[in-house]
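Taking it in order: structure first as C-alpha cells, then the write-up.
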Amino acid sequence: MATDDKASVPLLQRKNFRKNEDSSKQHEYGSFEDFVGANKAWCKLGKVGSVKDIIEHWGLGETRLLISYTGSGFDDVDDYNRTVKPALVKIIRSSAAWVLTNATGLASDLLHAAVHDIEAASDYLPIAIGIFSLSQKEAIETNCKLKSCCDNHQSYAYLSHFIFYDDETDSGKIHVEIAEQISKNFKAPVVALVNVTIKNHVKFIQMSIDSKHPVMTITRNKDPYEAKFHFETNADLIGNETLKTTQEPEQLYDAIIKAILRGKDEHVDYLKIAVVLNASESTVSSMISSSSKWKSEEEISYRQKMLSSALAFDYGETALILLRSLNEIDLRALEFGQKSNKSMSRVEKYIQATVGVNMKLPKGKSDANDCAFVWVFIWAICNEKFNVANALWTLVDSKMAAALLASRCLSSMRKKNVDGNQRDKLNQNWSLYTERTNEVLDNCYSAKRNQTKVMLVKSRETFGGLSALIIGKTNKKFIEHRSCQAKINDIWMGSLKSDQNANQSWKIAICLALPILSSILLQFKEDQDQNKCCFVLPTFTLGGKMCLFMNSPIVKFMYRTVSYVVFLMFLSHEIMFKVYEYPTVIEYILMAWVLAFLTEEIKQFIEEDSYFRDAWNWLDLTAIALFLSGICLRFLTCCLDVGRVLLAMSFMFFSLRLLHAFSSLKVIGPLLVMIGRMLKDLVKFLLILAVVYISFAVTIQAILYPMSSFDFQTMHGVLKRPYWNIFGELEDTLNEFKGENCDEKSTNNSSDSKLQRCPTTLGTYIAPVMFAIYMMIVQILLLNLLIAMFSYSFTKIHNDTDRHWCYLRFRLIHAYYHLPSLPPPFSVFYNVYAIVKLVFRRCKPDASIGTNAFCVKLNKRENEKLQRWETIHSYEETPWNPKTELHEEPTVPSTGSKTNQFDTGGRKVFSKHFKSKILRNQIASLYAIHDDEV
C-alpha cells in the first residue's frame, strides 16, 4: 500500500484520551506529558481485570491487526533501516495495526523511526502500546520529557500508551497474555515479530506459538540456535520463519502478510485481512476458497463489502480476484469515491451528459459478466482508481471499446481539472488507454483487414448500441489509425468501390454532370445490404445504381459545394447592385436557401449534445441571424440601409463558411487548424496589448490636452491615435506633437474653431518620449511575442499534420453522410421530416438506434463470432513487444501503489503483464489456486 492518505487508515483512528469512571477499579490509570505537551496515558495492571477494560478506558476503539513486537539489539543498523523499517511502515499504515511492544535498545529505535515516518507521511497517529515493569515507570516518564535521546537514554516518546506490571511478573508471559486478550476481544489476528536472535527470546516465541500466534524472527545472519529451535518446536502447529534483512522490503512485507494469514483463529475473518492488506493474488484466492462466509448464499452483502473495500483502496489485483469469484453483483450498491461520481447512477448520468454515450445501468443484481465488468471499469476510471481500472480491463471482452470510452472520460475529466499534477496523471492514463486501443487495432488489422473494418462499426449493446468508431470519434490518435482511415474512406465513397483504379476522378466528374452515366462508368460494391437508399429501387437497375451514386457522401459533398458557391453568387449580386423596393425572385430563392440552412442547423442541434462547442456552428448561426435580420429590415422603408448592411455582413460570414469544405484537403485542412489555434493565441495577446494600449493612450492624451471635455469626440481621439500607430501611421501623430495645423486660441474641444486644439508646450516635449517608449514596447516586444506564439502553435500542429487532417476529414465525412442527397434549397422538406423524427426519438429515450455505415447491427451469431475474434487478437503481443515465456513472471509495478508511473517502456511492461495475467486466469479457471507457502 502506498504511503498516502487514501489508505485503509480511516478504519481506525486514535481517539482522544478520556477517563471512564465506570471502568474496572482493578487497574490504576494516569497520564503524563511528553516534551511536546502531548498526554501519554498509562495503566498499572491489577491482579483482577481485563485488557478490554483498559482499552475502553482509553477510548481506543477497535483494531483488525495486532503486531506483537519485541527485541533488543542487532548488528547492522543501516541494513535494518533500509529493509525492515519500510516493511513495518507499510504493514502498520495499510491495516491501521496496533503495536504491542517491550522492545529496547536498537530494536526500539527501529520501531521509533517507523512510527515517526508514518506520522510524517500523514495525519494518522499509530497506536503503539508499551509493556514495561513498574520499576521502569519513573525512568520512562522522565525519558519522554526529553526532546531527543542520547547514548545513555532510550527514547519512548513514540509510544502512545503504556501498560505497567509488577516486577515479579514474567515479561514474556504478560506480553503474550495481553496480546491474546486483545485478539479475542476484537477478533483480530496477531503476528509476533522478534527483531533479534531466537536464543534470547525462545520463551516468548514458544508461548506465542502455544497461543497459535504466527512468529517471525528478523535477523541479518543465520542464527545457530534456529535449527535446534525448529527441531524442538511442533512444526505442525504453527511454524516459525526467519526473515533475512538481505531481502527487499516488499519481500519482507509479503512474508509478514503470509504469516498473519497462517493463523488458525476461528473468530478471525482472514479474507477481510487479506483484502485490507492487499495480499498477493494466490493468497486472496486461497482465502476465498477457504472462507465459509464467502461461499454462503446468505452472505451477499459480505461479498459486496469485500469488493467495495478492494475498489475503494484501489487494489487492482485483489479486486480482479474478487470479481472473478463472484456469481452476481449489485452495481447500484457500490457507492464510494468522489462525490461527483460516488455511485454507479451518477457515473451513468455523467457519461450520458458529458461523454454522450447512452449506457443503461442494469437494475437489481446482475451476473458477473462483461456488462458488469465494463461498469466497474468505467466507475474506476471516473473515480481515478487507476490500479483497479488497469486490472479490470483484462476482464472486459470489448477491450477496444472500453479503452476508447475510458480515454474519452479521461479527456473530459482533464478539461475540468485545475490541479496540474492531477491533470498530468489524467493525461498519462489517457495516453495509456489510447495506446492500448491502437495495439488491439494493430493486431486485428494485421490479421484480417475487412473483418477489422466491420469490428470498428459493429453495434455494441453494452455501450449503448454505439460502435467503437462513434465512441472514439473525438480521439485523434484513434481516428488516425490506418484501419479507421480505411473504413472512413469506404464510407466516403459510399456504394462506390474505393479502389482508385476502378473509379477514377475524371469518371466521377462526368457522372456528377450526368448522373445517369454512373451505372455505366462507375463500379459499385457487391454487398449493398447496408446501403439501400430511397424507395424500393433494385440495386442492379439503372435507377437503383443512380440512386446509390447520388447517396454517396463524396457525391453529396460535390453537389452541396457547387450549390453553396451558386448561393454566394446570388447573394453577392443582390447586395452589390440595386436593391428593389419589392423582393425579387432571386431574393425569394435566397430565403428558401437560408431556410434550408436553418433547418439543417436545428437538426444538427437536436442530434449533437456538443453543438455549441464547434466554432463552425457559431459561424453558421451568425450568418443566418444576420441574413434573417437584414431581410426583415429590408421590408421597412426607414431601415432599408440597415438591412442592406446586415445582408452584406451575412455574405462575409457565409463566405468564411466555405472554408469548411476545404478541410477535406490534406494541404489546407491542417492550415485551418493552425488559424484556429492562432486566433486563440491572439485573444490572449490582445488582453496584454489592451492594457499597454489604454495606459499609454490615456497618458499621452492627458499630457497633450489637459482639461478636455468629456464627449465622444475626445474618447474617439484617445483610442484612434495609438491604434493606427501600431500599423505604422506615424506622420499625423508627429505633426500633432509639433503643434502644426492647430488653433492656439482654442482652449478645449468645444471651441467653435475648425482647427484642432494645440497641445501644451510641456506636452510637446514629454509626449514624444512617451510615444517612443510605447512604440518600442508594442513594435519590438509585444509583436515579436505574438510572432513567437504563432510560430510555436504552427510548429506544434505541423508536427501532427496527418493526425489533424485525418480528424477533420472524419468529421466532414460523418457530417455529409447524414445529409440528404438533394442539396439546399431542395433539402428543406427532408430536413423538416428529419427534425420531427429526431424529436420523436428524443421523447422516447429507449428507442433503438438505426443502422448506418458508422454503426452496423449484426445478427447474434455474427456478433458473437466477431467478438470472439476481437478478444483472441486482444491477447496477442504487439510487434514491438518481446514474447514472454510461460514460466517467466514479469516484473510489474505493485498494484498496492497509489501512483501510476509511466516511462518509455510502460507499454512493454503492460503487455507482458497483460499476457501473463491472461494465462494465469485461464489456468485458474481449470484448477484451484493453492500456494504451498500459505
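The values are calculated or read from the model by the stated rules, or taken from the named source; none is laboratory data. Keep in mind the model is a prediction, meaning the values are calculated, not measured. No Cβ is skipped: glycine too gets one built from the backbone with ideal geometry, and neighbour counts run over all protein chains shown. Just the protein is used for accessible areas: all its heavy atoms, side chains included, with ligands, DNA and RNA removed. Shrake-Rupley method; radii C 1.70, N 1.55, O 1.52, S 1.80 Å.
Residues K293, K272: which one is within 18 Å of V191 (Cα to Cα) and either open to solvent by 40 Å² or more (accessible area, probe 1.4 Å) or among the charged types (D, E, K, R) (or both)?
So the residue among K293, K272 that is within 18 Å of V191 (Cα to Cα) and either open to solvent by 40 Å² or more (accessible area, probe 1.4 Å) or among the charged types (D, E, K, R) (or both) is K272.
What is the number of the single condition among (1) among the hydroxyl-bearing types (S, T, Y); (2) modelled with pLDDT of 85 or more; (3) surrounded by fewer than 16 Cβ atoms within 10 Å (Cβ to Cβ) that T541 does not meet?
(2)
Going through T884, T899, T895, T891 one at a time, which residue ends up being touching a Lys or Arg at 6+ places or on another chain (Cβ under 9 Å), among the hydroxyl-bearing types (S, T, Y), at pLDDT below 55 and crowded, with 16+ Cβ neighbours inside 10 Å?
T884
Among the residues of the stretch 823-839, how many are free of Cβ contacts under 8 Å to residues at least 40 places away in the same chain and surrounded by 15 or more Cβ atoms within 10 Å (Cβ to Cβ)?
Matching residues across the stretch 823-839 total 1.
Against the conditions (1) at pLDDT below 80; (2) under 50 Å from the mean Cα position of the chain (by Cα), where does Y580 fall short? Just the number, please.
In the conditions (1) at pLDDT below 80; (2) under 50 Å from the mean Cα position of the chain (by Cα), Y580 misses (2) alone.
Against the condition among the β-branched types (V, I, T), under 13 Å from the mean Cα position of the chain (by Cα) and at pLDDT 85 or above, how does T434 come out, does it pass?
Criteria met by T434.
Give me the residue from the stretch 500-514 that is in contact (Cβ under 8 Å) with a residue 12 or more places away in the chain and more than 18 Å from T561 (Cβ to Cβ) and, out of that set, surrounded by the fewest Cβ atoms within 10 Å (Cβ to Cβ).
A502
Okay, residues lined up against (1) in contact with a helix residue (DSSP H, G or I) (Cβ under 7 Å, 6 or more places away or on another chain); (2) open to solvent by 50 Å² or more (accessible area, probe 1.4 Å):
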residue	(1), (2)
F567	yes, no
V585	no, yes
K603	yes, no
L619	yes, no
A623	yes, no
C639	yes, no
L646	yes, no
M649	yes, yes
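Does the stretch 331-343 contain at least one residue that is among the small types (G, A, S) and modelled with pLDDT of 85 or more?
For the stretch 331-343, residues among the small types (G, A, S) and modelled with pLDDT of 85 or more: absent.
How many residues, within the stretch 682-698, are of a type in the set (F, W, Y) and without any contact (Cβ under 8 Å) to a residue 60 or more places away in the chain?
0
Can you tell me which residue among K399, K477, K416 is basic (K, R), more than 30 Å from S519 (Cβ to Cβ) and open to solvent by less than 10 Å² (accessible area, probe 1.4 Å)?
Among K399, K477, K416, only K399 is basic (K, R), more than 30 Å from S519 (Cβ to Cβ) and open to solvent by less than 10 Å² (accessible area, probe 1.4 Å).
Can you pull out the residues in the stretch 304-338 that are more than 19 Å from the chain's Cα centre (by Cα) and in a loop (DSSP other than H, G, I, E, B)?
Result: L326, N327, D330, L334.
Select from the stretch 701-718 the residues that are in contact with a helix residue (DSSP H, G or I) (Cβ under 6 Å, 6 or more places away or on another chain) and more than 15 Å from P768 (Cβ to Cβ) and write down the one among them that is most open to solvent (accessible area, probe 1.4 Å).
Selected residue: S708.
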